[in-house]
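Reading through the structure tokens given below for one structure.
The values are calculated or read from the model by the stated rules, or taken from the named source; none is laboratory data. Since the model is a prediction, treat every value here as computed from it, not as a measurement. Counting neighbours? That spans all protein chains shown, and the Cβs are built from the backbone with ideal geometry, glycine included.
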Amino acid sequence: MKRLIEADIYIDVPDQVSVTKFDDASHHFLINQMQAVDFIMETNSHFLFVEIKDPDHPDADNTRKEDFIKKLKSGEIDKSLYTKYRDTWLYRHMNSEPFKPIKYLVLIACASLSSAELIARQDALQKKIPVMKDKGERWSKFIDSCTVLNLTSWNAALSQLSAGRLSSVAPP
């Protein structure tokens, strides 16, 4: 089992899943010109593009958290989220990286968000990307699915990729 870490969030990934920390300058040489998702995971059947936002980070001040939630609820955050997906897809496409269907997973670690708010962001994001599942082979190379989750819904939907908060885990 591998543990991915982004700020105070971790995701435990089975050893057979390949993982790249994609928003790292050592991997992505256009990091200053293009936005990037946090991680790319490769399973037997898909690539998972994973973006993590953590407004509930224990060190975040209340003003910053409130600003993030306001931007999220208004849809202002969508541009950043779809640009990260698009630029990551374009970078990989231009580098002739292998093709598998892509699932875009956005983890928003914010306990106060309701299921309805997460679904609203997911629906808005799917319209901007757009999801092209069942549109033919050429279009399916763009994106298979887009899901916006909080920690609770992530763990319910993706039990093989359990996620949590580092600050909540007892030290070894």
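Quick one: count up the residues across region 89-116 that are touching a strand residue (DSSP E or B) at 6+ places or on another chain (Cβ under 6 Å) and not basic (K, R). Spell out how you get there, then give the answer.
Of region 89-116, the ones touching a strand residue (DSSP E or B) at 6+ places or on another chain (Cβ under 6 Å) are 100, 102-109.
Okay, now just the ones that are also not basic (K, R), so 102, 104-109.
Adding up the residues that qualify gives 7.
When region 69-98 is examined, which residues are found to be outside any helix (DSSP H, G or I) and of a type in the set (A, V, I, L, M)?
Here is the first cut: in region 69-98, the residues outside any helix (DSSP H, G or I) are 75-77, 95-98.
Correct list: I77 only.
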Restricting region 141-158 to residues that are farther than 15 Å from R121 by Cβ and of a type in the set (V, I, T), which is surrounded by the fewest Cβ atoms within 10 Å (Cβ to Cβ)? T152
Cβ pairs under 8 Å, 6+ apart or interchain, first in region 100-117 and assigned to a loop (DSSP other than H, G, I, E, B), second aromatic (F, W, Y) and surrounded by fewer than 21 Cβ atoms within 10 Å (Cβ to Cβ), ordered by first then second residue, are C110/F68
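Which members of region 1-16 meet the condition of being out of contact with any Lys or Arg (no Cβ under 6 Å at 6 or more places or on another chain) and surrounded by fewer than 16 Cβ atoms within 10 Å (Cβ to Cβ)?
Step one: list which residues in region 1-16 are out of contact with any Lys or Arg (no Cβ under 6 Å at 6 or more places or on another chain), which gives 1-7, 9, 11, 14-16.
Across region 1-16, the qualifying residues are M1, K2, R3, I5, P14, D15, Q16.
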Of the residues that sit in region 51-68 and are in contact with a helix residue (DSSP H, G or I) (Cβ under 9 Å, 6 or more places away or on another chain) and either over 24 Å from S114 (Cα atoms) or not acidic (D, E) (or both), which one is surrounded by the most Cβ atoms within 10 Å (Cβ to Cβ)? K53
Among the residues of region 120-129, is any at pLDDT below 85 and aliphatic (A, V, I, L, M)? yes
When both residues are 6+ apart or on different chains and their Cβ atoms are under 7 Å apart, which pairs have a first residue that lies in region 11-30 and is over 24 Å from V169 (Cβ atoms) and modelled with pLDDT under 95, and a second that is surrounded by 12 or more Cβ atoms within 10 Å (Cβ to Cβ) and among the charged types (D, E, K, R)? S18/E42; F22/D38; H27/K21
From the list I40, I77, I108, I52, which residue is hydrophobic (A, V, I, L, M, F, W, C) and closer than 19 Å to D144 by Cβ? I40
